[in-house]
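Peer 1: Below is the structure I would like to discuss, written out as structure tokens.
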Amino acid sequence: MAPTGDDDHYHPKDAVSAGLRNGAVFGGIGLLFAAVRNSLEKKNVGPWTTFTRGGEMVVTMAAAGGVYEFTRLASANLREKEDFWNEGIGGFFAGATVGLRTGRMTKILGFGALTGVILAVYDYTGGSLRGYMERPEMDEYERKEMLRKNRRRPIEETLAEIGEGRGIKPPGYEERRRERIKERYGIDVKTFSADPDAP
């Protein structure tokens, strides 16, 4: 998200260490995928086939993860702002890294463009699958209070729909209840108060 105030300014981040760290994480995920794929083989294979057969997957995922994070942060450092363009640039280079396995320029550019567009749109829409937040700088508590007040209904309308009783006691409820009981059953209900000073 871009800085919102005039006093806020961009703080540069270390792109190299973040890229190496993200590359190690994605390399570990690739190793896990390769190990799972190796364990599901129908033939009896040894543990080293995780590296011999799945090594390409491990290297590709590690490279894509590292290139994505490095390029995203380097772009943010050069532009001195954090926005969806950084995600798109990082996604393009990560997708192109995945497309390098094919060795065809059309697939390299296609994978890069697809990944870049998906990541840029995801970040532009607020980084959420629920949709774009109109004002991301607004506090979540304030937003929910605003929605609650905006959709609040008058008590008269609620009472007209569901009625009194069952724990719903609007002003004057006790008097109306006494009158209804006297009309229906002929019993005069007297109210008592726990307050010793009450009349």
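Peer 1: Is it the case, given these coordinates, that LYS107 is assigned by TED's automatic domain parsing to the domain that holds GLY23, part of a helix (DSSP H, G or I) and over 30 Å from TYR10 (Cβ atoms)?
Peer 2: It is true that LYS107 is assigned by TED's automatic domain parsing to the domain that holds GLY23, part of a helix (DSSP H, G or I) and over 30 Å from TYR10 (Cβ atoms).
Peer 1: Report every pair of residues separated by at least 6 positions or lying on different chains whose Cβ atoms are under 7 Å apart, first residue within segment 20-48 and in the same structural domain as THR97 (by TED's automatic domain parsing), second in a helix (DSSP H, G or I) and acidic (Asp, Glu).
Peer 2: Going by the 7 Å Cβ cut-off, the qualifying pairs are ASN22/GLU69.
Peer 1: OK, next. Would it be correct to say that PRO12 is closer than 22 Å to GLY127 by Cα, assigned to a loop (DSSP other than H, G, I, E, B), at pLDDT below 90 and touching a Lys or Arg at 6+ places or on another chain (Cβ under 9 Å)?
Peer 2: no
Peer 1: Do we have GLU80 as of a type in the set (D, E, K, R) and under 30 Å from the mean Cα position of the chain (by Cα) here?
Peer 2: Against the criterion (of a type in the set (D, E, K, R) and under 30 Å from the mean Cα position of the chain (by Cα)), GLU80 qualifies.
Peer 1: Which residue out of ALA96, ALA35 is hydrophobic (A, V, I, L, M, F, W, C), over 20 Å from GLY127 (Cα atoms) and out of contact with any Phe, Trp or Tyr (no Cβ under 9 Å at 6 or more places or on another chain)?
Peer 2: ALA35
Peer 1: Given the conditions (1) under 22 Å from ILE108 (Cβ atoms); (2) at pLDDT below 90; (3) surrounded by 14 or more Cβ atoms within 10 Å (Cβ to Cβ), which single one is not true for GLU56?
Peer 2: (3)
Peer 1: On to the next question. Can you tell me which residue is modelled with the lowest pLDDT among those in segment 178-199 that are in contact with a helix residue (DSSP H, G or I) (Cβ under 8 Å, 6 or more places away or on another chain) and aliphatic (A, V, I, L, M)?
Peer 2: This residue is VAL189.
The values are calculated or read from the model by the stated rules, or taken from the named source; none is laboratory data. Everything numeric in this text was worked out from a predicted model, so none of it was measured. Every residue, glycine among them, receives a Cβ derived from its backbone with ideal geometry; neighbour counts consider all protein chains shown.
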